Amino acid sequence: MLSKQLFGIILLWSWVGQAQNISPLFEEYKKKYPDEYSVKLLEERNIDIRLKNGEIFITQEVIEENLYLDAAATYRSKESINYSSFFEVESIEAASMIYENGKYNKIEVEDFVTKDEMNQSFYDDSKSINFIYPNLQRGSKSILRYKEKIKNPRFLGTFYFADFHPTVKSKLTITVDKDVSMKFKEFNTGELPVNFSKSEKRGKQVYRWEVNSVDKFKLDPGAPNFRNTLPHLIPMITEYKSKGEKVKVLGEVSDLYTWYYSLVKNINKTEADQELKKVVKTLTKDKKTNLEKVKAIYYWVQENIKYIAFEYALGGFVPRQANDVFNKKYGDCKDNSSILQEMLEIAGLQGNLTWIGTRSIPYKYDEVPTPAVDNHMILTYIEGDDVYYLDATGRYIPIDLPTSFIQGKEALISVNEKEFSIKEVPIIDSERNTVIDSTHIKIDDQTIKGIGKFKLSGYSKIDFFNAFEREKKQEDLKAVYTRELRKGNNKFLIENFEEINKYHYEKDFVVNYTFNIQDYINKLDKETYINLNLNKEISQFKLKEDRKTAKEYRYKSHVKYVTTLEIPEDKEVIYVPENFSASTDFFEVSIRYTRRDTSVIYELEMDQNFILLNVKQQKEFNTLIKKIEKNFKEVIVLKDKP
């Protein structure tokens, strides 16, 4: 056994060794951010924009420095840099800084591995340079510096002043030739102490933004995309002078459209494939109206052209030829739009290529007239005052329903080389997206036996169909419906079911079914208690009280549950709960009981009239949910007849 004196010496040596390997920098930030795993010491980007012989050249230097505050640094040692044909990495340096014996020692990264990245990107043929910081540990720093050439002046990128961990300093410097004009758009920087300066150096304009000591940003589950929260800046080159002439780049939406149109103007100039013509003729031969023809073509593309996202160089913006898409039977969003447009043209109809950003992108075209505003392409069909947004990347989408992820977004619709229009995609009313579940139940001792009719429409129906398609294994459908229609308790069981209009684009999907729920009835002496609220999904809307960010939903919805209790001949009703209703500006609920001679009818109706709740609305909603849950506990009381 070690003596107490020797044990104390060993502890002292251990403490001294640890103290020597703990830097003052680590102690400072560990004390300031005790629960964080890392701190970004520096995020710096230097962009140089210059003209040479009438051409514009752009280089960018990126410098990142991070400090790691816990032992999990080892698991965060993998790093990668993404680039594409629009960004050429010219040089890269990376190193770990290990603190030992009172100083940081540098260990450089030697192995860099390049690989392709298949992203769900609209325009980015991503590749990545991958590497590992050596010997990264608690108290270590990582340093990354790389330079890249930006080959297209429309892709200056976005600079974020903060991140999801504390940031000590973020700095953006843009040095630009005097014959290059720029503008800048800031987002979410209102409460951030951004230090901005503009100066002139050697005949060039120097723009500089700097932010110091920013705490981490946090996104709660279900929050809108980080672009809605993180403070950031988007620089734009509007024009430059070349040989005495002004060259427009991205000052206005018209500039963006002119470039977009130049990329699509030559598609589908060759004659359409004869087999494709035959398909169009077959699809439209019995259709009486133009809209019926468009429907038939649109639904065929959804069913027969598989959606695969793959983008390479300008192929990320240029749709492939319709003939190629037809023969391969797959394509990305632009390819689906290309074949849709060609098929409509074969049918003597006009479809308009349309650029659009999904709800993950919060910008409007007049705010950011750059490719950063878009990540998707669809086809628009216009008939009179009606605009149809055709997105064939999905399945089971009726012609008058846009895909849920473009609701409320601006669409840039191509008319011809010079003309375009911007229209806002509507947010679909809740009544279009309904869930109606009607049941008729009988009491059999302590078991409920019932028949039900489950009906879905709109996005609710599309979600249900997509869920079925994702099931690769042939799961017993009865088990699927037992899970999806569960009510009462976990002893709910589907006995038989019948599907109507399954996978139909326009008709409501209906499931007629029979079921039983064991051990649901409570009895005490001569009284029987039964809760007619068999569905309690409202609880899933309840949000944590400490949320700091908005909550986003995919679509508005309307739910109605109707339960008819058949009163046994040997019992009478002695208590029925009172009706209940409540509402806010964005949500309505009502619970109604109707007493008949031989039955009691329970109706629960809820209208979710929102797709986004801010923090104040969330608290209001939680208060309302608690009231609803309280009413969910109410029971019908039956008494044995004498």
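Based on what the data block shows, is I143 modelled with pLDDT of 95 or more and either in a strand (DSSP E or B) or farther than 14 Å from R76 by Cβ (or both)? Step through it out loud before you land on a result.
Numbers: modelled with pLDDT of 95 or more: yes; either in a strand (DSSP E or B) or farther than 14 Å from R76 by Cβ (or both): yes.
Yes.
Are any of the residues in the stretch 446-464 over 32 Å from the mean Cα position of the chain (by Cα) and among the basic types (K, R)?
Looking only at the stretch 446-464, we keep the residues that are over 32 Å from the mean Cα position of the chain (by Cα), and these are 446-453.
Narrowing further to those that are among the basic types (K, R): 449, 453.
Yes, the stretch 446-464 has at least one match.
Is it the case, given these coordinates, that L263 is assigned by TED's automatic domain parsing to the domain that holds N323 and farther than 26 Å from I49 by Cα? Break it down into steps so the answer makes sense when it comes.
Values: assigned by TED's automatic domain parsing to the domain that holds N323: yes; farther than 26 Å from I49 by Cα: no.
Considered against the rule, which asks whether it is assigned by TED's automatic domain parsing to the domain that holds N323 and farther than 26 Å from I49 by Cα, L263 comes out as no.
Applying the selection to the stretch 326-363, what residues are assigned to a loop (DSSP other than H, G, I, E, B), over 20 Å from S262 (Cα atoms) and not polar (S, T, N, Q)? Walk me through how you get there before you give the answer.
If we filter the stretch 326-363 for residues that are assigned to a loop (DSSP other than H, G, I, E, B), which is where we start, we get 329, 332, 347-351, 357-363.
This time we only want the ones that are over 20 Å from S262 (Cα atoms), so: 329, 347-349, 358-363.
If the condition is that a residue be assigned to a loop (DSSP other than H, G, I, E, B), over 20 Å from S262 (Cα atoms) and not polar (S, T, N, Q), then K329, A347, G348, L349, R359, I361, P362, Y363 are the ones that fit.
Examine the stretch 215-231 for a residue that is modelled with pLDDT under 95, farther than 23 Å from H165 by Cα, basic (K, R) and in the same structural domain as Y29 (by TED's automatic domain parsing), and state whether such a residue exists.
The answer is no, given that none of the residues of the stretch 215-231 is modelled with pLDDT under 95, farther than 23 Å from H165 by Cα, basic (K, R) and in the same structural domain as Y29 (by TED's automatic domain parsing).
What about I378, is it aliphatic (A, V, I, L, M) and surrounded by fewer than 15 Cβ atoms within 10 Å (Cβ to Cβ)? Spell out how you get there, then give the answer.
Numbers: aliphatic (A, V, I, L, M): yes; surrounded by fewer than 15 Cβ atoms within 10 Å (Cβ to Cβ): no.
Judged against the criteria, I378 is not a match.
Being assigned to a loop (DSSP other than H, G, I, E, B), surrounded by fewer than 13 Cβ atoms within 10 Å (Cβ to Cβ) and not acidic (D, E) is the requirement here; does N490 meet it? Give the steps one after another, and end with the answer.
Details: assigned to a loop (DSSP other than H, G, I, E, B): yes; surrounded by fewer than 13 Cβ atoms within 10 Å (Cβ to Cβ): yes; not acidic (D, E): yes.
In short, yes.
Condition check: of a type in the set (A, V, I, L, M) and surrounded by 12 or more Cβ atoms within 10 Å (Cβ to Cβ). Does V109 satisfy that? Before the answer, list the steps.
Working: of a type in the set (A, V, I, L, M): yes; surrounded by 12 or more Cβ atoms within 10 Å (Cβ to Cβ): yes.
Spelling it out, V109 is indeed of a type in the set (A, V, I, L, M) and surrounded by 12 or more Cβ atoms within 10 Å (Cβ to Cβ).
Going residue by residue through the stretch 213-221, is there one that turns out to be among the hydroxyl-bearing types (S, T, Y), touching a strand residue (DSSP E or B) at 6+ places or on another chain (Cβ under 7 Å) and more than 28 Å from V318 (Cα to Cα)? Before you say what the answer is, go through the steps one by one.
We begin by selecting, within the stretch 213-221, every residue among the hydroxyl-bearing types (S, T, Y); these are 213.
With the extra rule that they be touching a strand residue (DSSP E or B) at 6+ places or on another chain (Cβ under 7 Å), the set shrinks to 213.
If we keep only those that are more than 28 Å from V318 (Cα to Cα) as well, we get 213.
For the stretch 213-221, residues among the hydroxyl-bearing types (S, T, Y), touching a strand residue (DSSP E or B) at 6+ places or on another chain (Cβ under 7 Å) and more than 28 Å from V318 (Cα to Cα): present.
Give me the residue from the stretch 227-246 that is surrounded by 15 or more Cβ atoms within 10 Å (Cβ to Cβ) and free of Cβ contacts under 8 Å to residues at least 60 places away in the same chain and, out of that set, farthest from the chain's Cα centre (by Cα). If you could, list the steps in order and put the result at the bottom.
We begin by selecting, within the stretch 227-246, every residue surrounded by 15 or more Cβ atoms within 10 Å (Cβ to Cβ); these are 227-241.
Next, only the ones that are free of Cβ contacts under 8 Å to residues at least 60 places away in the same chain stay: 238-239.
Details: T238: 30, E239: 33 Å.
Filtering the stretch 227-246 for residues that are surrounded by 15 or more Cβ atoms within 10 Å (Cβ to Cβ) and free of Cβ contacts under 8 Å to residues at least 60 places away in the same chain, the one farthest from the chain's Cα centre (by Cα) comes out as E239.
How many of the residues in the stretch 586-642 are exposed (fewer than 14 other Cβ atoms within 10 Å of the Cβ), among the polar types (S, T, N, Q) and more than 17 Å from S438 (Cα to Cα)?
The qualifying residues number 3.
Taking the conditions exactly as written (at pLDDT 90 or above and on the phi > 0 side of the Ramachandran plot), does D519 satisfy them or not?
Working: at pLDDT 90 or above: yes; on the phi > 0 side of the Ramachandran plot: yes.
For D519, the condition - at pLDDT 90 or above and on the phi > 0 side of the Ramachandran plot - is met.
I'd like the full set of residues that are in contact with a helix residue (DSSP H, G or I) (Cβ under 9 Å, 6 or more places away or on another chain) and surrounded by fewer than 17 Cβ atoms within 10 Å (Cβ to Cβ), limited to the stretch 24-69. Full working, then the answer.
Within the stretch 24-69, the first condition is being in contact with a helix residue (DSSP H, G or I) (Cβ under 9 Å, 6 or more places away or on another chain), and the residues that meet it are 36-39, 41, 66-69.
Matches in the stretch 24-69: Y37 only.
Among the residues that make up the stretch 281-294, is at least one of them buried (at least 24 other Cβ atoms within 10 Å of the Cβ), within 28 Å of the chain's Cα centre (by Cα) and either at pLDDT 95 or above or closer than 30 Å to K461 by Cβ (or both)? Step through it out loud before you land on a result.
Kept after step one, since they are buried (at least 24 other Cβ atoms within 10 Å of the Cβ), are these residues of the stretch 281-294: 294.
Those still in the list that are within 28 Å of the chain's Cα centre (by Cα) too: none.
Checked against the condition, which is being buried (at least 24 other Cβ atoms within 10 Å of the Cβ), within 28 Å of the chain's Cα centre (by Cα) and either at pLDDT 95 or above or closer than 30 Å to K461 by Cβ (or both), the stretch 281-294 yields no hits at all.
Just wondering, is there one or more residues in the stretch 188-209 that are surrounded by 14 or more Cβ atoms within 10 Å (Cβ to Cβ), more than 27 Å from F57 (Cα to Cα) and among the basic types (K, R)?
Among the residues of the stretch 188-209, not one is surrounded by 14 or more Cβ atoms within 10 Å (Cβ to Cβ), more than 27 Å from F57 (Cα to Cα) and among the basic types (K, R), which makes the answer no.
Out of the residues in the stretch 152-184 that are in a loop (DSSP other than H, G, I, E, B) and acidic (D, E), state the one that is nearest to the chain's Cα centre (by Cα). Spell out how you get there, then give the answer.
Quick first cut of the stretch 152-184, residues in a loop (DSSP other than H, G, I, E, B) only: 152-158, 161-166, 178-179.
With acidic (D, E) added as a condition, the list becomes 163, 179.
Working: D163: 19, D179: 39 Å.
Applying the filter and picking the extreme gives D163.
The values are calculated or read from the model by the stated rules, or taken from the named source; none is laboratory data. Here the structure is a predicted model, which is why all the values come from computation and not from measurement. Backbone-built Cβ (ideal geometry, glycine too); neighbour counts: all protein chains shown.
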